[in-house]
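What follows is a short report on a single structure.
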Amino acid sequence: DGGITQSPKYLFRKEGQNVTLSCEQNLNHDAMYWYRQDPGQGLRLIYYSQIVNDFQKGDIAEGYSVSREKKESFPLTVTSAQKNPTAFYLCASTRDGIYGYTFGSGTRLTVV
Amino acid sequence: RKEVEQDPGPFNVPEGATVAFNCTYSNSASQSFFWYRQDCRKEPKLLMSVYSSGNEDGRFTAQLNRASQYISLLIRDSKLSDSATYLCVVKGGGNFNKFYFGSGTKLNVKP
């Protein structure tokens, strides 16, 4: 079955450490996205990519970086510059926007 | 002003009740509209798209009013399993598929 796979499901980061969240899709979607969700709040866009080797900053890109070397993969790195990284991170993709997003099951990141 | 605004909730209703959620959006060029459901600590899942003519899927009815930039979701005969947060989602105008999310309305259906 087609879908989006995010890993790991839970991730613990020490202060000053960079961590990378994986997002892989086999839906043949061109556009991919990273969102952050804090408790009781809506989704905020971190980065998005329309095609391979191209990506754009979203509303809260500071402290994050991405790459899009393959259509199927859009990893997100949370750098030490991100001062408050504890959150639920969601990866999404869409074919053409008409049918909405498909989401991965998310990665819950906690700073320890 | 936020791109998408929703009733904050929570809505606490008994089983069998009818409940309605509202959502307004700010960009008149918005092209596509959706309702998503998000269970606690899970990813959002598409509940239904919203069409100009209105659409129904079982107990769920979605309506769009472009003139007032307003979207609604009606749930009839509420079930305990309907308890979740409902997100209003709007695709912005323009070529890029950027979606804007409301902060969600929490529904609690009680026995």
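The values are calculated or read from the model by the stated rules, or taken from the named source; none is laboratory data. In this text, all values refer to a predicted model and were calculated from it rather than measured experimentally. Neighbour counts run over all protein chains shown; Cβ positions are idealised from the backbone, glycine included.
The figures follow:
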item: Residues (without any contact (Cβ under 8 Å) to a residue 40 or more places away in the chain, surrounded by 15 or more Cβ atoms within 10 Å (Cβ to Cβ) and more than 11 Å from the chain's Cα centre (by Cα)) located in the range A:62-71; result: A:GLY63, A:ARG68
item: Evaluation of A:ASP30 against (1) within 14 Å of A:PRO75 (Cα to Cα); (2) touching a residue at least 40 places away in the same chain (Cβ under 8 Å) (one fails), failing number; result: (1)
item: Filtered residues of the range A:49-60 (kept if touching a strand residue (DSSP E or B) at 6+ places or on another chain (Cβ under 9 Å) and within 14 Å of chain B (Cβ to nearest Cβ)); result: A:SER49, A:GLN50, A:ILE51, A:PHE55, A:GLN56, A:LYS57, A:GLY58, A:ASP59, A:ILE60
item: Breaking point among (1) of a type outside the set (Asp, Glu); (2) under 30 Å from A:GLN6 (Cα atoms); (3) surrounded by 13 or more Cβ atoms within 10 Å (Cβ to Cβ), for B:SER81; result: (3)
item: Unmet requirement for A:GLY100, which otherwise passes all of (1) assigned to a strand (DSSP E or B); (2) within 8 Å of chain B (Cβ to nearest Cβ); result: (1)
item: Residue satisfying condition, being assigned to a loop (DSSP other than H, G, I, E, B) and either more than 23 Å from A:HIS29 (Cα to Cα) or over 11 Å from the mean Cα position of the chain (by Cα) (or both), within set B:SER103, B:SER72, B:SER81; result: B:SER103
item: The range A:79-92 - residue that is small (Gly, Ala, Ser) and under 21 Å from A:GLU24 (Cβ atoms) and, of those, farthest from the other protein chains (Cβ to nearest Cβ); result: A:ALA87
item: Count - residues of the range B:22-56 that are of a type in the set (D, E, K, R) and away from chain A (no Cβ under 14 Å); result: 1
item: Subset tally (residues that are surrounded by 17 or more Cβ atoms within 10 Å (Cβ to Cβ) and more than 19 Å from A:GLN6 (Cα to Cα)) for the range A:93-110; result: 1
item: 3 or more residues within 16 Å of B:PHE99 (Cα to Cα): qualifying strands (runs of 3 or more DSSP E) within the range A:34-80; result: A:43-49
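For every residue, the table says whether it meets (1) more than 25 Å from A:GLY104 (Cα to Cα); (2) surrounded by 13 or more Cβ atoms within 10 Å (Cβ to Cβ).
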| residue | (1), (2) |
| --- | --- |
| B:ASN12 | yes, yes |
| B:ASN22 | yes, yes |
| B:ASN27 | yes, yes |
| B:TRP35 | no, yes |
| B:GLU43 | no, yes |
| B:SER52 | yes, no |
| B:GLU56 | yes, no |
| B:THR61 | yes, yes |
| B:ILE71 | yes, yes |
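Every residue, every condition in (1) more than 14 Å from every other protein chain (Cβ to nearest Cβ); (2) modelled with pLDDT under 95, yes or no:
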residue: A:TRP34; (1), (2): no, no
residue: A:TYR47; (1), (2): no, no
residue: A:TYR64; (1), (2): yes, no
residue: A:LYS71; (1), (2): yes, no
residue: A:THR94; (1), (2): no, yes
residue: A:ARG108; (1), (2): no, no
